[in-house]
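To keep things clear, I will list the structure first and then write my remarks on it.
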Amino acid sequence: MLKTKTRETYRTLGGGAVTLDELTDDQRAFYDQARRFAAECSDDSRFANWWVKQILRLHPGLSRREVTEAPLYRILSDMENRMMIAAGAARPDDYRDLLAKVIRKRHKTRAAVCKELGIDPSYLSQVLNRKKNLSLPKLEELLWRLGYRLTFTPIGEPLELPQPREADDAQRETGRFSRLLGTLSPQEADEMQQLIEREFGRIEGDW
């Protein structure tokens with residue numbers, strides 16, 4: 001009896017499976033390098049800058065949009081998301097995020113789904129805004145009426161990530177704050193900087 005070769009896959013946080021056989025030799029080598037990089041680097045911004053700069057050359061002939069749909073891009077984006085979650089810079093999706101996606105896909109607006117299912121719009125808004133929780137029976141009932149059901153999906157092995165040092169955390173937060181200031185007008189940024197410096201001291205970094 002012939003044994004079927006098990007296909008090696010990467011599981012995303014959302015439960016999707018990306019088959020590594022789909023990667024070219026160069027892409028697979030970069031994937032292996034990315035795993036080593038993630039295991040040694042606790043800075044998600046540094047990791048993101050590293051792989052984004054190289055992703056296009058690994059997909060010759062594809063448009064930028066096509067690259068974002070490619071297996072390697074999906075894997076590296078997921079790695080970056082895991083690093084951000086581990087560093088406390090992001091949180092994983094929970095049932096409310098997924099429920100909101102279902103509603104947008106089917107009805108586009110919360111008002112439409114509330115009208116069809118007879119749900120109090122205020123209550124649904126509080127659930128989706130994390131002010132209230134649905135009980136498991138209520139969630140199952142709502143999903144069933146929307147044409148969905150709960151499932152258990154593997155998310156794969158967690159990446160081996162180093163623990164961020166305090167200095168890394170401080171540098172990361174300074175960088176994020178500097179980027180925030182960059183979205184304000186010069187006058188607004190100057191006023192914000194002066195206010196923070198009066199309360200907490202000078203913030204280093206170019207913005």
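All of the numbers you see were taken from the coordinates with simple rules; none came from a lab. Treat the numbers as computed from the prediction; the structure is a model and nothing was measured. Positions of Cβ are generated from backbone atoms using ideal geometry, with glycine treated the same way; all protein chains shown enter the neighbour counts.
Here are the numbers:
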| read-out | value |
| --- | --- |
| Nitroxide proxy distance, nm - points 7 Å out along Cα→Cβ at Lys131 and Tyr95 | 2.0 nm |
| Inter-label distance, nm, simple model (7 Å from Cα along the C-beta direction), Glu8/Tyr123 | 5.0 nm |
| Positive-end residue, the stretch 95-146 charge dipole about Cα centroid, Cβ charges, pick of Leu136, Leu146, Ala100 | Ala100 |
| For Gly147, net neighbour charge (Lys/Arg +1, Asp/Glu -1) across residues whose Cβ lies under 12 Å away | +3 |
| Projected label distance in nm at Arg65 and Val102, using a 7 Å step from Cα toward the beta-carbon | 3.0 nm |
